[in-house]
Structures are given as C-alpha cells and as structure tokens.
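The values are calculated or read from the model by the stated rules, or taken from the named source; none is laboratory data. Every value quoted in this text rests on a predicted model; they were computed, and no experiment measured them. Cβ coordinates were reconstructed from backbone atoms using ideal geometry, including for glycine residues, and neighbour counts include every protein chain displayed. With ligands, DNA and RNA removed, areas are computed over all heavy atoms of the protein, side chains included. Shrake-Rupley method; radii C 1.70, N 1.55, O 1.52, S 1.80 Å.
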Amino acid sequence: MPPNARILIVDDHEDTLYALESALAPLGPLLGRATSGDEALKQLLRGNVGLLLLDVRQPGTGGLDVVRHMRRLEQTRLIPVVLLTGFARDPQLGAAAYALGVADLVTPPVDPWALRTKIRHLYDTHQRRLALEREIRALRARLGERTGTPGHPGTPGHPALPHPHAHVPPGGPAGAHTGELEPDRT
C-alpha cells in the first residue's frame, strides 16, 4: 500500500457521505468515497486504502460482509475498519464486529472532533506499522546480502542470538558462554 493511502468512507446515503467528508475534511486530501459495499471492495483491491469508515447496514454487500471479505485477503486483512451504524448499540452487532477485528463501532450522534481524532490515530498507526514492516524487510534483505544467505535469523547461515536468560560469567566477555568467541591466542 502506498504511503498516501486514502481513508475510504462508505455509505449508501449521499447526505451521510457529505456529512462524514465534511467532518473529516481537516485531515486533508486523503479522503475517498464509495456508495456500496461492492464498490468499497473494488477500491480495497486496487490497494490504495489505508482505513475504512464503513456503514454497517446498506443494500447488497453490507458492512460486516465487506469486513469478512477483507479479512480473508492478505493485502486487506490488516486495514483498520471503523463501522458506522444509524442504530443504538446492538450487543450482537458489536460482538460480531469486534470478532472480525473492527477497531470501533460509531453510533450517532457523531462528534466530528472525536471522529477525526480516532480516524487520524488509527490511520497514522497503521501507516507507521506498514513503514516498520517495509524497513524490516529491507534490513533482512541487506542482512541476507551480507551473509550470502537469504532467509531469517536462526536458519542455517544466520547466527542465532543467545537466549536472553543465558548465563554470562561475571566479567566474562559477551559471547563466551555460547562458544562464539575464538580461543585466546596470546
């Protein structure tokens, strides 16, 4: 996913889309819209969505169905989702949503400031996690180039780190307990 991934707002009511876009406008040009669950899934598969703000109840593919589809695919399974519902909190809906890994369930009246804060935090956290994953992959690739062995630490060719609770004799050099040091040749 590109670092400029959008916040996708999904609702089948034009007036609700407009109100949510107005509430989130201070976040910048990162907003996208979809008017159905099917349209949302298409945009998700294009790979430029960093957070989904999704109405639960809509004709056709509903909000929970969209989340179920997302969680089955590697490229979309970790995208944060905030569900919107026009109804009071329903314990069954909440249980189903949270079981699917939904970040939050928002009911009216929606406080624009609180919604902006929540969306910005979830979006930024997801982007930081993706950046860290990219950095880890790059570091592993560099490590593989240096050692001449692709793969992960602990595989043949990669030295395993000593166990954190391994005993190091007082005053002994680091690595002495693992046999990683060469004998003293003085």
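Summary of computed values
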item	result
Backbone N within region 53-69 under 12 Å of label point (7 Å from His13 Cα along the Cβ vector)	55-58
Whole-number percent relative contact order across region 13-81, with pairs defined as alpha carbons under 8 Å at least 6 apart	29 percent
Largest-first ellipsoid semi-axes for region 6-49, taking √(5λ) over the Cα gyration tensor eigenvalues, angstrom	17, 14, 4
Accessible surface of region 1-86 [probe 1.4 Å, protein heavy atoms]: carbon and sulfur percent	54 percent
